[in-house]
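Worksheet: the structure to be examined is printed underneath.
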Amino acid sequence: MVPISSVAVSLLETISEIIASVEEAENRNLVKIGSYFYRVSAVVMELQNSSTDAANILQSLSKTIDLAKELVSRCQKHAEVRSAIEQLEGVIKHIGEDLGSIPPSTYGNQESLENAVTSLSKEMKSVHIKVTQISQTQLPENELEPQTETDLYSISSEDYMESVQSSGIARLNQVEQFGSINRKGKWSQRHGSSGSSTSFPQVTQCMERQYETFFCPLTKSIMDDPVTIESGVTYERKAITEWYEKFESPSDVVCPQTGQKLVKRASSTNMAPKATIEEWKERNEMARIKVDRAALSRASSESMVFEALKDLQIICHKKHNNKLLIRSMDMLPLIGKFLEYEDRNVKCATLELLLLLAEDDDEGKEMLAMSVNMPIIIRMLSNNHQPVKHTSLLLLLELSRSQSLCEKIGSVTGGILILIAMKYRETSDAFASDKADEILRNLEGSPENIKRMADNGLMEPLLNHLIEGSEEIKMEMASYLGEISLGDDSQIQVAERASPSLIKMVQDGNSLTTKAAFKVLKKISSHHPNIKVLVEAGILEVMTEELFTRKIYNEQMNSKKEAAAILANVLESGLDLKSMQVNLCGHTIASDYIVYNIIYLLKKSTPDELNINLIRALLCLTKSQEVSATIVSVVKETEASYNLMELINNANEELGVSAVKLLIKLSPYIGHTLVERLCETRGQPESLIQSPTETTRITEKQAVSTNFLANLPHKSLTLNLALLNKNLVPAVLEIIIQMQRSGVRTSRYANYYFEGLVGILVRFTATLYNHQVLLLARNNNFTSLFTELLTKTSSDEVQMLSAIGLENLSTQSISLSKPPKVKKPNYIKWSFLPKCGSSVSSKHKSTPLCPVHRGACSSQDTFCLLDANAVERLLACLDHENVEVVRAALSAICTLLDDNVDVEKSVNILNGLNTIQFVLNAVREHKHEDLLQKSFWVIERFLMQGGERSVSDISQDGRLHAALVSAFHHGDGSTRQMAENILGYLNKMPNSSTNHAT
């Protein structure tokens with residue numbers, strides 16, 4: 001009996017020779033066949049320490065392997081290669097049968113060894129080698145096609161899954177993270193472990209056994225790049241290289257395993273073990289992937305899911321092909337569903353795994369985008385857990401590197417907005433800010449994304465393409481810029497960066513580009529802080545050329561209305577008109593050249609929008625007194641006034657409103673001309689007064705129309721009679737009463753409309769000399785109406801107008817107030833009817849007379865302010881902060897101190913109402929020249945007729961003295977004279993003729 005060890009050594013030597021031969025042959029099929037023999041050698045090494053039950057198996061293997069050696073030698077000599085390979089296939093199958101016949105008792109308690117040998121036996125028995133007519137050195141890699149899958153174990157059985165759940169995945173993670181299997185098949189921890197040790201049999205339920213030949217003698221770890229040195233021992237290339245470097249002299253180098261001195265340092269890759277180790281890794285990795293897939297499918301616990309995800313990450317890190325394998329197994333949807341898992345560690349692990357699977361190629365990114373819900377990844381950006389947020393950013397960054405996915409990422413609702421917000425939060429999270437910025441730069445590859453960024457406040461990409469892009473891109477960007485809404489900051493940014501480019505597009509672009517650029521310029525010019533930048537960029541020259549010089553008219557190129565709008569926007573900004581040059585001839589925006597051209601265009605039959613913008617420009621120009629005079633002159637001398645009147649009733653309400661606003665501006669200068677044009681226009685002036693359906697639905701057109709009528713010259717009897725004859729006053733009164741009753745003015749234009757209505761009534765008080773107008777004022781009791789409006793309104797304008805109306809009415813009181821006529825009784829009647837005569841005389845004596853107007857007065861017939869109790873309300877207005885209201889109220893009070901009335905009695909009555917204190921307060925609060933004149937006039941009247949009380953009250957007011965001194969030094973002639981008179985009454989000035997009593 002030959003000892004088992006001797007047979008085993010002989011077998012191993014023969015296998016070593018076979019492996020060396022196949023490496024020299026450089027034939028891929030032979031190398032793969034050699035890998036089988038290499039794996040068989042590992043089995044032989046394990047069996048040599050077994051019982052005698054393995055002796056017969058080794059003897060059978062010896063004969064078969066000797067035959068294999070002869071066949072490999074024939075292939076090496078290129079003799080009958082096809083026949084030799086076919087016979088080698090039979091040899092491999094026969095070896096597989098021998099391995100399969102090993103009794104189970106041979107393995108003892110080495111269950112892992114039994115599983116590995118059984119798997120190898122099945123694989124060898126099912127081997128099939130394809131032999132073609134092509135050169136042996138060019139045989140395809142897949143010529144060896146085992147008939148069964150290369151996995152060692154099936155994972156479909158419930159028993160196996162239970163085993164995996166209990167130990168498999170956790171053990172695999174520990175294997176990869178902490179250690180490897182040593183030569184004796186025991187776990188060794190590289191970095192130490194605080195936990196309990198892991199037993200090898202549990203792990204081998206998921207992993208095929210590692211054979212001793214897999215390990216490097218130096219590192220005690222499985223080799224990745226095995227090389228054989230001169231001594232015949234195989235090492236890891238990096239390890240043996242480092243070993244050589246330890247020796248100073250080449251002659252001292254020895255083999256670390258045998259101690260043999262090495263003459264040469266040369267080493268060659270040992271292909272057989274390398275291929276075997278790679279195949280072993282592939283089989284184990286495939287098994288692990290399937291185990292992980294099963295664990296994720298079941299997902300019975302958070303720890304199981306987390307460990308499976310982590311194990312898949314380790315597998316992906318090993319090599320790129322593992323990523324392809326996971327993707328090909330359709331695991332992406334399964335992995336993606338764990339993004340919605342509650343546990344944040346699972347979420348983070350899922351994102352990390354998806355990031356690994358998306359790396360390296362666009363195909364992986366696209367597969368992931370199709371399998372995983374993109375909005376979920378975007379939603380992760382707002383996660384409060386920083387690792388989840390950062391990992392989702394990295395995943396999104398990786399996906400954004402695929403041009404085909406940029407549009408899909410950008411189309412997720414709110415995604416770009418979130419990224420922009422993160423980009424600008426650098427201080428709170430610098431990492432997130434940096435990655436968000438990178439993602440946004442990648443997304444710029446899609447024009448739609450550029451538009452979305454602009455829509456969410458990030459203008460740089462759009463502006464960059466607008467400035468630097470092709471003609472087509474510039475037009476597309478400008479078109480979109482004209483469509484979106486821009487905030488104030490965005491408008492400033494566009495103006496500062498893109499103004500020169502936009503203006504150049506207007507001048508040099510095609511019709512579509514020009515139209516798009518005009519639209520943007522119109523938008524940004526509406527924001528007044530941009531005007532200075534636009535003017536400096538030369539926008540005025542281009543716009544005036546478009547308006548007054550260009551003669552090309554077609555649907556696309558005729559941009560005069562946009563040019564007029566931009567010009568109006570520039571003028572409304574408030575910049576100095578004289579400093580804005582519009583052409584090379586030296587004309588400025590305030591020159592007659594501009595005014596004449598604008599009015600000329602306005603006279604022509606032009607589009608409504610163009611007319612609106614032209615009128616806007618004229619309205620701005622009227623703010624300059626010099627330019628306003630030119631406008632007034634041109635409108636008065638030409639038919640422009642008729643054109644403006646015709647525009648009032650234009651179907652375009654905005655145009656009508658603009659025309660009326662300009663007419664209101666012109667009315668103080670050419671009011672009578674406008675009245676004449678208005679009354680000559682068909683349907684006027686009655687169309688300017690329209691009753692609103694509801695007081696809450698008053699339009700701007702109604703408001704400006706009534707104010708236009710109110711602002712035309714009040715003394716124009718022509719217009720007043722026209723309004724009277726058209727029976728418009730009852731309508732005005734009805735609307736006023738209705739609005740007074742409703743109280744709340746919710747409409748934007750309600751107050752302005754109400755002011756216009758009151759102004760229309762006030763204008764009649766200026767022509768009371770006309771019998772029809774006088775009758776109108778009496779019948780509608782204007783005095784009581786204006787008195788009521790003094791305090792029952794919140795509008796300063798209405799209070800001022802009411803006071804003016806009362807002043808005009810009160811001025812007529814002295815002429816309207818007459819003593820009652822007494823008829824002389826007939827003598828006979830008095831003789832025979834003495835009692836009747838006595839009765840008449842008694843009745844005549846009881847008729848009250850107005851102490852101020854010396855006649856029979858009433859608020860309705862003679863417009864007496866005293867009878868209307870209007871004085872108290874007028875005095876209350878003297879405390880108003882608006883000087884216009886104070887001036888109008890004081891003027892109305894002055895009508896009671898006129899020379900035509902009984903001044904002494906009037907002063908006594910006013911003294912009883914503490915009038916002088918109200919007047920003194922007005923002097924202290926307001927320093928306007930005309931108001932001081934009226935106040936001083938009233939004070940002088942009180943000093944002359946008010947007696948000691950008035951003199952005392954006036955002389956004790958220290959602020960009045962200061963005001964009088966100031967007026968004496970700085971006032972005009974009239975004011976100075978009145979101040980001097982009052983100072984004289986107060987003994988503050990020298991008087992040689994008479995000393996006034998004080």
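The values are calculated or read from the model by the stated rules, or taken from the named source; none is laboratory data. Nothing here was measured: the structure is a model prediction, and the numbers come from that model. Virtual Cβ from ideal backbone geometry, glycine too; neighbours counted across all protein chains shown. The protein model used for the area step is the full one, side chains on, heavy atoms only, and it has no ligands, DNA or RNA in it. Shrake-Rupley method; radii C 1.70, N 1.55, O 1.52, S 1.80 Å.
What nm distance separates the two modelled labels at residue 904 and residue 324, each placed 7 Å from Cα along Cα→Cβ?
Distance between label points: 12.4 nm.
Rounded to the nearest 0.05, what FRET efficiency do residue 625 and residue 431 have when you use their Cβ-Cβ distance and R0 = 41 Å?
That pair, residue 625 with residue 431, gives E of 0.10.
Let me know the volume per residue of the alpha-carbon convex hull for the stretch 647-816, in Å³.
111
Taking a quarter of the surface of the Cα convex hull of the stretch 595-742, what do you get in nm²?
For the stretch 595-742, averaging the hull's shadow over all directions gives 9.1 nm².
Please list 653-659, 611-617, 476-482 highest first by mean number of surrounding beta-carbon atoms within 10 Å per residue.
611-617, 476-482, 653-659
May I ask you to order 936-947, 758-769 by the average number of other C-beta atoms within 10 Å around their residues, highest value first?
Taking the mean over residues of other Cβ atoms within 10 Å, the ranking is 758-769, 936-947.
Rounded to two decimals, what is the ratio between the C-alpha radius of gyration of the stretch 855-987 and 2.2 N^0.38 Å?
Normalised Rg, Cα atoms only: 1.03.
Can you tell me the accessible area per residue over the stretch 874-972, all protein chains present, probe 1.4 angstrom, in square angstrom?
43
Hey, which lysines would be in cross-link range of residue 261, C-alpha to C-alpha under 20 Å, not counting anything within fewer than 8 residues on its own chain?
In chain and number order, the partners are 238, 246.
What is the dipole size for the stretch 902-986, taken about its Cα centre, with +1 at each Lys and Arg Cβ and -1 at each Asp and Glu Cβ, in debye to the nearest 20?
Charge dipole, the stretch 902-986, about its Cα centre: 120 debye, nearest 20.
Taking a 24 Å limit on the Cα-Cα distance, which of the listed pairs 69/318; 69/264; 290/323; 604/715 fall beyond it?
Flagged as over cut-off: 69/318; 69/264; 604/715.
Would you list which lysines come within 23 Å of residue 63, measuring only between C-alpha atoms, while excluding same-chain residues fewer than 8 positions from it?
Those lysines meeting the cut-off are 32, 77, 93, 122, 125.
Using a Förster distance of 56 Å, how high is the FRET efficiency between residue 404 and residue 549, based on the Cβ-Cβ distance and rounded to 0.05?
About 0.70, to the nearest 0.05.
Would you work out what percent of the accessible area of the stretch 902-986, with all protein chains in place, is carbon or sulfur (probe 1.4 Å)?
That fraction is 45 percent.
Given the peptides 359-365, 857-863, arrange them by the average over their residues of other C-beta atoms within 10 Å, most packed first.
Descending mean neighbour count gives 857-863, 359-365.
If I take R0 = 30 Å and measure r between the Cβ atoms of residue 109 and residue 86 in this structure, what FRET efficiency does the formula 1/(1 + (r/R0)^6) give, to the nearest 0.05?
Working from the Cβ atoms, E equals 0.15.
Using the Cα centre of the stretch 647-816 as the reference point, and only Cβ charges (+1 on K/R, -1 on D/E), how large is the resulting charge dipole? Debye, rounded to the nearest 20.
Its charge dipole is roughly 80 debye.
Could you name the lysines in cross-link range of residue 522, using Cα to Cα under 20 Å and dropping any fewer than eight places away on the same chain?
Of all the lysines, those that pass the test against residue 522 - Cα under 20 Å, at least 8 places apart if same chain - are 451, 474, 504, 532, 560, 561.
Using heavy-atom solvent-accessible surface (probe 1.4 Å) with all chains present, what is the largest-first order of 468, 460, 755?
These residues rank, largest area first, as 468, 460, 755.
Could you give me the ³J(HN,Hα) list for the stretch 243-253, computed from phi with Karplus coefficients 6.51, -1.76, 1.60 and θ = phi - 60°, whole Hz, x at Gly and Pro?
Taking θ as phi minus 60°, the curve returns 4, 4, 5, 6, 9, 6, 10, x, 6, 8, 5 Hz for the stretch 243-253.
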